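The values are calculated or read from the model by the stated rules, or taken from the named source; none is laboratory data. Predicted model only: the values in this text are computed from it and were never measured. Heads up, the Cβs are rebuilt from the backbone with ideal geometry, glycines too, and the neighbour counts pull from every protein chain shown.
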Amino acid sequence: MNIIATVKQVPDPEAPAGAFRIGPDDRVMVSPTVSSVLSPYDESAVEAALQLRDAHGGKVSLVCLGTEPDDSFLHEAMATGADEAYLVVDDMFQNGDAFATAYALSKAIAKIGEYDLIVCGRQASDTDAGVVGSVIAESLGLPSATVIRKIEVVGDKLNAERVIEDGIEVLELPLPALLTMTSELYTLRYASVMDIMSASEKPVTIWSASDIGADAVELDDLANRSILRKQFIPVSQTQCEVIGGDSAQEAAANLAQALRSRKVI
Amino acid sequence: MSDNSGIMILAEAPNGKITGLTTELLGAGRRIADIAGEKVSALAVGAGLSGVEAELIAFGANTVYTVDDPSLGRYTGDAYLSVLEKVCQQLTPRILLIGHNSTGRDLAPRLAFRLRTGLAPDCVDLQIDNSTGALVAIKPAYGGNVMAMLASKSQPEVVTVRPKTQEPLERDAGRSGDVVKLDLGLGTLASRAKVLDRIMHTYTGIKLEDAEVVVSGGRGIGGPEGFKLLEELARSLNGAVGASRAAVDAGWVPSDMQVGITGKIVSPRLYIAVGISGSVQHMAGCSRAKTIVAINKDSEAPIFERAHLGVVGDYKNVLPQFHETCRELLVG
């Protein structure tokens, strides 16, 4: 079974809040001190893909829309077991919205051609939007489902557990299909030093817009309807009153009294 | 410019009862409609919607459109997408508000793509630009470390709205409005993704999202046993227990207890964060709480920048006495 996982490089979401700043144009987030990582939900998508390949055979291909023709990130990402990777880089897609990203990725996936399943993270941890996966499915005319915690392939169909409010839905989808993955049951496996070394030998294909048959008129029809007016860092106005006492017990009792005097309890 | 007009909200009424999020969307729709000089309509899609119309009007809809079909009882992707696409083409709303829940996450991107329009996902605030009248939707990014202000070049402007961020109107049965049953002529509505089963959690106590008091534990709790203290406190305060992602990822508590940007959004009267460092991603789930209390042994933890009251100390020493004094105050 051939599985495609879309992957994105993001600023480390675990970085301290103070590391995130907005540039002088009020638009672009700058975070010079924050390192780049594979978006955490994409890790779950990759792990799900690897488990399905290990169980059913076939291969796992990573697809990424990048800003530079630098394939080192994809070599690192393949260390956990993916077989090959594709990197799309073109000025046409720079500063595009989620629909532009989905257009680029769907064109690349169509060019790869042979696939049974596409998995994406439920949302990237930089934009937290959760748009790209579903729009790839629409572009390719595939059935899709979002926020999936578990996949089982049964013949030419798959069963997927979708997280909903207060429970889960068990869905059945025909293949090929696209699923966006959540993290609870798929934690990405570790790569050994040997894995990391051998990943540098795995193939990365770099494609431009013309390589994947993308064109500016079609992109304009399908994407970039949103305008990012500005970005800003939210300011917390909360003043914390730290309750003290001669001992932890006294501080605890004082805290309860403080809540009572504020009529909270 | 297009001729689209009006603000439409997608109402959800599983089992014939409108959800809290639906009333929040109506509240938001009403507020921006009054500034922009627009009307608010509610689109109810489901099975057995009689009675739902009056409730939607009582919570602020000028017009209620219903698409009542036995196959639409619960959300399925392709069927709902066909309905929404057709409705937007026929009724041409200027703004479409959808809740950012499991339905909205699945539906809105596909709908916006089909309508060739933009999407502002997971928004926490909606404003109307004074000079141009344009809608500006505010959406957290980078886990809430950054806020983005989004406008749209095309209509309908599709926005998904984060739960518990918008104030509903007071229910007023005296409000009047129109009800229009839509017959879209869509024929049999089927989805390629078929629902085989729904497994719902059973709750013995108070539901986390509805609780007036939430006691949450994080990495600092150190293991599943520590959550017993939190449960006892929650019981005395008539509340529910939540957790940070760190505690869920450690396997100490189930994932449906997670509070945060990808977990539950809560807005209780009192939120007690125990052993939680206070990441932006976690605070996104509880920042609407009226009073936030932090108990943490690390005085440098970011939670103390977001809490109203705090005690610096090990929860094992603080919580038992806090619980005891609370009990005395509640009895007294």
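Some observations on this one:
- Within the stretch B:299-332, tally of residues that are among the aliphatic types (A, V, I, L, M) and in a helix (DSSP H, G or I): 6
- Residue check, residue A:195 part of a loop (DSSP other than H, G, I, E, B), among the acidic types (Asp, Glu), modelled with pLDDT of 95 or more and out of contact with any Cys (no Cβ under 7 Å at 6 or more places or on another chain): no
- Top-ranked residue in the stretch A:1-20 [being at pLDDT below 90 and not in a loop (DSSP other than H, G, I, E, B); ranked as nearest to the other protein chains (Cβ to nearest Cβ)]: A:17
- Remark: residue A:226 matches the filter, which requires a residue to be within 38 Å of the chain's Cα centre (by Cα) and either crowded, with 16+ Cβ neighbours inside 10 Å or over 30 Å from residue A:48 (Cα atoms) (or both).
- Taking the stretch B:145-257 as the region of interest, the strands (runs of 3 or more DSSP E) fully inside it that hold 2 or more residues being within 26 Å of residue A:125 (Cβ to Cβ) are B:146-152, B:157-161, B:213-217, B:240-243.
- Hey, residue B:230 within 23 Å of residue B:212 (Cβ to Cβ) and at the interface with chain A (Cβ under 8 Å from one of its Cβ atoms) or not: no
- The stretch A:112-158, residues that are over 19 Å from residue A:173 (Cα atoms), more than 10 Å from chain B (Cβ to nearest Cβ) and in contact (Cβ under 8 Å) with a residue 24 or more places away in the chain: A:112
- All positions within the stretch A:30-53 that are touching a Phe, Trp or Tyr at 6+ places or on another chain (Cβ under 6 Å) and modelled with pLDDT under 95: A:31
- Pair list, Cβ < 9 Å and 6+ apart or interchain, from the stretch B:114-130 residues that are in contact (Cβ under 8 Å) with a residue 60 or more places away in the chain and of a type in the set (A, V, I, L, M) to residues that are surrounded by fewer than 23 Cβ atoms within 10 Å (Cβ to Cβ) and part of a loop (DSSP other than H, G, I, E, B): B:128/B:134
Residue by residue, here is whether (1) at pLDDT below 95; (2) buried (at least 24 other Cβ atoms within 10 Å of the Cβ); (3) in contact with a Lys or Arg (Cβ under 6 Å, 6 or more places away or on another chain); (4) over 30 Å from residue B:146 (Cα atoms) holds:
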{"position": "A:112", "(1), (2), (3), (4)": "no, no, no, yes"}
{"position": "A:115", "(1), (2), (3), (4)": "no, no, no, yes"}
{"position": "A:119", "(1), (2), (3), (4)": "no, yes, no, no"}
{"position": "A:131", "(1), (2), (3), (4)": "no, yes, no, no"}
{"position": "A:149", "(1), (2), (3), (4)": "no, no, no, no"}
{"position": "A:155", "(1), (2), (3), (4)": "yes, no, no, yes"}
{"position": "A:161", "(1), (2), (3), (4)": "no, no, yes, yes"}
{"position": "A:173", "(1), (2), (3), (4)": "no, yes, no, yes"}
{"position": "A:176", "(1), (2), (3), (4)": "no, no, no, yes"}
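- The set of residues in the stretch A:211-250 that are of a type outside the set (A, V, I, L, M, F, W, C), in contact (Cβ under 8 Å) with a residue 60 or more places away in the chain and assigned to a loop (DSSP other than H, G, I, E, B) comprises A:211, A:213, A:224, A:225.
- Options B:216, B:191: the member that is surrounded by 12 or more Cβ atoms within 10 Å (Cβ to Cβ), within 14 Å of chain A (Cβ to nearest Cβ), in contact with a helix residue (DSSP H, G or I) (Cβ under 9 Å, 6 or more places away or on another chain) and hydroxyl-bearing (Ser, Thr, Tyr): B:191
- Taken together, the criteria exclude residue A:50 from residues that are surrounded by 16 or more Cβ atoms within 10 Å (Cβ to Cβ), in the same structural domain as residue A:161 (by TED's automatic domain parsing) and closer than 24 Å to residue A:131 by Cβ.
- Residue check, residue A:187 among the polar types (S, T, N, Q) and either part of a strand (DSSP E or B) or touching a His at 6+ places or on another chain (Cβ under 6 Å) (or both): no
- Contacts under 8 angstrom Cβ, first residue in the stretch A:86-111 being assigned to a strand (DSSP E or B), partner aromatic (Phe, Trp, Tyr), 6 or more apart: A:86/A:207; A:87/A:207; A:88/A:207
- Test: residue in the stretch A:68-90 that is crowded, with 16+ Cβ neighbours inside 10 Å, at pLDDT below 95, assigned by TED's automatic domain parsing to the domain that holds residue A:114 and touching a Leu at 6+ places or on another chain (Cβ under 6 Å): yes
- On the stretch given as the stretch A:214-265, residues that are over 30 Å from residue B:300 (Cβ atoms), among the β-branched types (Val, Ile, Thr) and within 7 Å of chain B (Cβ to nearest Cβ) total 1.
- Taken over the stretch A:153-167, the criterion of being part of a strand (DSSP E or B) and over 21 Å from the mean Cα position of the chain (by Cα) is satisfied by A:153, A:154, A:157, A:158, A:159, A:167.
- Qualifying residue in the stretch B:84-99 (condition: surrounded by 19 or more Cβ atoms within 10 Å (Cβ to Cβ) and in contact with a Lys or Arg (Cβ under 8 Å, 6 or more places away or on another chain)): no
- Residues that are at pLDDT below 95 and under 28 Å from residue B:198 (Cα atoms) do occur in the stretch B:50-65, at least one of them.
- For the stretch B:285-315, the set of residues classified as touching a residue at least 24 places away in the same chain (Cβ under 8 Å) and facing chain A (nearest Cβ under 9 Å) consists of B:295, B:302, B:303, B:304, B:305, B:306, B:307, listed by residue number.
- For the stretch B:179-200, a residue qualifies if it is out of contact with any Phe, Trp or Tyr (no Cβ under 9 Å at 6 or more places or on another chain) and over 18 Å from residue B:75 (Cβ atoms), and the qualifying residues are B:183, B:185, B:187.
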